[in-house]
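Step one of this worksheet: look at the structure below.
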Amino acid sequence: MSLVEPQRRWLPAASSAGMERVDRFTAGDGTRLLVRSSGPSTAPVTVVLVHGWTQHSGCWDGVCALLPPDVRVLRVDLRGHGGSDPAPPGTRTLEQLADDVAEVLAARTSGPVVLVGHSMGGMTLMALAERHPRLVADRVAGVAFVATSSGNMHRITLGLGGVLGRTVPRAEPVLRGLLERREDGSLPAVPQLISPVVRWLAFGKRARWQHVNDTARAVLAAHPATVGGLLDAIFAHDRTVVLGALRSIPTVVLAGDRDRLCSVEHAKVIAEQLPGTSFVLYPGAGHMLMHERTTDVARSLMSLIRAAVPAA
């Protein structure tokens with residue numbers, strides 16, 4: 001492990017990364033997923049970006065704009081998020097999200113892929129390695145884990161100490177119950193009302209309010225019952241052992257030292273399981289690294305791409 005410290009339903013707008021195709025992919029159970037792709041089909045590698053809980057593929061816009069135009073990029077709105085259909089009951093699991101990503105990879109990509117997962121997206125990639133080991137062994141050339149965890153999320157404290165910190169895990173069933181009761185529609189709020197909470201919870205120092213408000217809008221656009229079920233799946237997530245399947249694959253772990261949701265300790269566990277990985281710590285940054293450290297994240301991904309697929 002090497003540590004480097006660097007210096008409403010949603011539909012996507014036009015991407016600043018250039019010409020982008022936006023369409024729907026129908027998963028095996030009939031759930032329609034919004035898929036965004038850019039870059040030439042003849043590119044030597046496809047970068048697959050997977051977003052986190054309550055977010056959508058648009059959170060990667062800033063990073064995508066900095067990637068070279070000859071790199072192919074694929075982004076998926078996970079079920080219940082962004083422009084994708086809500087997840088039917090019984091499918092609100094990390095295993096199902098992993099199966100969805102596997103289906104999209106099989107249908108929309110060929111050749112090597114570099115997988116990038118933020119928060120729940122990183123957990124989804126771990127579930128992918130667990131459920132689809134042959135796909136990972138044959139196709140995955142690199143992996144980036146961004147502000148994520150391999151387990152022990154049921155002990156989360158949100159950076160609070162004492163009694164307050166210990167009560168955080170106990171609030172999960174209450175929050176999940178409130179969300180799961182809203183099977184229809186979205187959350188009844190406007191972004192400006194929850195933005196201060198989002199700012200404290202998901203961002204570190206010097207956050208831009210545009211990014212905070214964008215994150216809040218994504219939260220309110222997510223399907224409540226879906227993200228409620230997935231919250232339970234996140235707290236039950238335990239895949240540290242699964243990381244062993246990725247030890248021969250170039251990997252980077254990115255973390256902010258002010259992340260309240262997936263703390264530096266979670267990132268260190270992942271990096272320790274992957275000898276030779278590049279562990280990049282961003283001082284002052286929180287959970288939303290693609291917003292807070294956009295240029296640095298893009299540079300890390302380009303370094304990973306070059307290490308994973310020299311022809312790129």
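The values are calculated or read from the model by the stated rules, or taken from the named source; none is laboratory data. None of the values given here were measured: they were computed from a predicted structure. Every residue, glycine among them, receives a Cβ derived from its backbone with ideal geometry; neighbour counts consider all protein chains shown. Each accessible area value is taken on the protein alone, full model and side chains, heavy atoms only, with ligands, DNA and RNA left out. Shrake-Rupley method; radii C 1.70, N 1.55, O 1.52, S 1.80 Å.
Is it true that some residue in segment 5-13 is modelled with pLDDT under 50 and in contact with an Asp or Glu (Cβ under 7 Å, 6 or more places away or on another chain)?
yes
Restricting attention to segment 204-232, which residues are under 11 Å from His291 (Cα atoms), open to solvent by less than 10 Å² (accessible area, probe 1.4 Å) and out of contact with any strand residue (DSSP E or B) (no Cβ under 7 Å at 6 or more places or on another chain)?
Matches in segment 204-232: Val212, Thr215.
Which residue pairs have Cβ atoms under 6 Å apart, sit 6 or more places apart or on different chains, and have a first residue in segment 78-104 that is farther than 20 Å from Arg36 by Cβ and a second that is β-branched (Val, Ile, Thr) and modelled with pLDDT of 95 or more?
Arg92/Thr226; Leu94/Thr124
Just to be sure before I move on: is Leu187 open to solvent by 30 Å² or more (accessible area, probe 1.4 Å), modelled with pLDDT under 75, part of a loop (DSSP other than H, G, I, E, B) and in contact with a helix residue (DSSP H, G or I) (Cβ under 6 Å, 6 or more places away or on another chain) in the structure I sent?
Values: open to solvent by 30 Å² or more (accessible area, probe 1.4 Å): yes; modelled with pLDDT under 75: yes; part of a loop (DSSP other than H, G, I, E, B): yes; in contact with a helix residue (DSSP H, G or I) (Cβ under 6 Å, 6 or more places away or on another chain): yes.
For Leu187, the condition - open to solvent by 30 Å² or more (accessible area, probe 1.4 Å), modelled with pLDDT under 75, part of a loop (DSSP other than H, G, I, E, B) and in contact with a helix residue (DSSP H, G or I) (Cβ under 6 Å, 6 or more places away or on another chain) - is met.
Within the set of pairs 6+ apart or on separate chains, which have a first residue in segment 178-189 that is under 16 Å from Gly229 (Cβ atoms), a second that is part of a loop (DSSP other than H, G, I, E, B) and at pLDDT below 75, and C-beta atoms under 8 Å apart?
Ser186/Arg8; Ser186/Arg9
Every residue in segment 97-145 that is of a type in the set (Val, Ile, Thr), farther than 21 Å from Gly80 by Cα and not in a loop (DSSP other than H, G, I, E, B), please.
If the condition is that a residue be of a type in the set (Val, Ile, Thr), farther than 21 Å from Gly80 by Cα and not in a loop (DSSP other than H, G, I, E, B), then Val113, Val114, Val136, Val140, Val143 are the ones that fit.
With the structure loaded, tell me whether Gly162 is of a type in the set (Gly, Ala, Ser) and either closer than 24 Å to Val76 by Cβ or open to solvent by less than 20 Å² (accessible area, probe 1.4 Å) (or both) or whether it fails that test.
Working: of a type in the set (Gly, Ala, Ser): yes; either closer than 24 Å to Val76 by Cβ or open to solvent by less than 20 Å² (accessible area, probe 1.4 Å) (or both): no.
It is false that Gly162 is of a type in the set (Gly, Ala, Ser) and either closer than 24 Å to Val76 by Cβ or open to solvent by less than 20 Å² (accessible area, probe 1.4 Å) (or both).
Sort through Thr240, Thr277, Thr251 and tell me the only one that's open to solvent by 30 Å² or more (accessible area, probe 1.4 Å), in contact with a strand residue (DSSP E or B) (Cβ under 7 Å, 6 or more places away or on another chain) and not basic (Lys, Arg).
Checking each option against the conditions leaves just Thr240.
Here is a list: Glu172, Glu130. Which entry is farther than 28 Å from Ala298 by Cβ, among the acidic types (Asp, Glu), open to solvent by 10 Å² or more (accessible area, probe 1.4 Å) and at pLDDT 80 or above?
After ruling out the rest, the residue left standing is Glu130.
Could you list, in sequence order, all residues of segment 104-157 that are touching a Lys or Arg at 6+ places or on another chain (Cβ under 7 Å) and of a type in the set (S, T, N, Q)?
Ser150
With the checklist (1) among the small types (Gly, Ala, Ser); (2) more than 22 Å from Ile270 (Cβ to Cβ); (3) assigned to a helix (DSSP H, G or I); (4) modelled with pLDDT of 90 or more in hand, flag the one item Ala233 doesn't pass.
(2)
Being over 17 Å from the mean Cα position of the chain (by Cα) and either over 22 Å from Ala129 (Cα atoms) or modelled with pLDDT of 90 or more (or both) narrows it down to one residue among Ser263, Ser248; which is it? Break it down stepwise before answering.
Values: Ser263 fails: over 17 Å from the mean Cα position of the chain (by Cα).
One residue alone meets the criteria, Ser248.
Quick check, is Thr91 in a loop (DSSP other than H, G, I, E, B) and open to solvent by less than 10 Å² (accessible area, probe 1.4 Å)? First the steps, then the outcome.
Details: in a loop (DSSP other than H, G, I, E, B): yes; open to solvent by less than 10 Å² (accessible area, probe 1.4 Å): no.
When the stated conditions are applied, Thr91 does not pass them.
List, please: which pairs have Cβ atoms under 6 Å, are six or more places apart or on different chains, and start with a residue in segment 220-239 that is within 17 Å of Ile194 (Cβ to Cβ) and end with one that is crowded, with 21+ Cβ neighbours inside 10 Å and at pLDDT 95 or above?
Matching pairs, first to second residue: Ala222/Thr54; Ala222/His81; His223/Gly80; Val227/Thr54.
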